[in-house]
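None of the figures in this text is laboratory data; all of them are computed from the coordinates on show. The structure displayed is predicted, hence computed values, not measured ones. Every residue, glycine among them, receives a Cβ derived from its backbone with ideal geometry; neighbour counts consider all protein chains shown.
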Amino acid sequence: MREAKSYPQEVYFNGKWMKPGEAYISVFDRGFMFGDGIYEVTPFYGGKPFKLKEHLKRLQYCLDQVQIKFEAFSLEALMAEAVSRAGLAEADAAVYIQVTRGVAPRSHFFPENIEPTVLLYAYKINLRGFETNPLNVLASEDKRWHRCDIKATALMGNILANEEAIANNFDENIMVRNGYFSEGSHTNIFFVKNATVYTHPEGPHILSGITRQVVIDLCTQLRIKFKLGSCSFG
């Protein structure tokens, strides 16, 4: 189902709070030109961030991997401010962060002395009831690039996979690479087989989900048999 979305009432853009219609980027922003940017999404339950440091650590990892010079943890206070300014201090919400390399004349190599473009905003989201909501999924070949561990803004592969699922009345598309399930178009996945929980090992072919790690930790704490290993397709 195509869920209706709405714009936030306010965004933080390059050092200022403003209405979304006032936030403009240059046509020479490398995020627009090349998808040369990184993003992160952090859930807030009842106004409280979920694994905040882990999300910012992953953001920093991705920035470092693509050599965008920016300090992820400098956004920590702004994330809380975004939730408050959006009137979501006691609600379930998420904070979206996007950092691109910035604005420069078009070139494939990295320009020197360039300031990153930074966007941040909070929005309301439903974070409840997933455990009682079974989904129908499609499986298709994983055609994405080989660094899925980097949360890059260039999501064409994920978009095409998700659109294929939605257009055919499925809820999600599960990627298959070299005969094994890797992850969904916008989800990490787990399988239960012979009383053992499986999930794809960390590496360049999946995004290391923060909630994924929480599930792994819970399996250990609850003594549920668990294995880092791929499940085969077919």
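Rounded to the nearest 500 deg cm²/dmol, what is the calculated helix-only ellipticity per residue at 222 nm for the chain, with -39500 (n - 2.57) per DSSP H run of length n ≥ 4? Don't jump to the answer; show the numbers that get you there.
Numbers: 5 runs with 53 residues, N = 234.
The helix contribution divided over the chain gives -7000 deg cm²/dmol.
Take the Cβ atoms of Glu112 and Lys19, set R0 to 30 Å, and the FRET efficiency comes out at 0.35. In this Cβ point-charge picture (+1 for Lys and Arg, -1 for Asp and Glu), the chain has a dipole of about 360 debye about its Cα centre.
Placing unit charges on the Cβ atoms of the charged side chains and taking the dipole of the chain about its Cα centre, the candidate lying farthest along the positive direction among Ile210, Pro49, Phe13 is Ile210.
Taking the Kirkwood radius as Rh and the Cα radius of gyration as Rg, region 11-124 has a ratio of Rg/Rh equal to 0.99.
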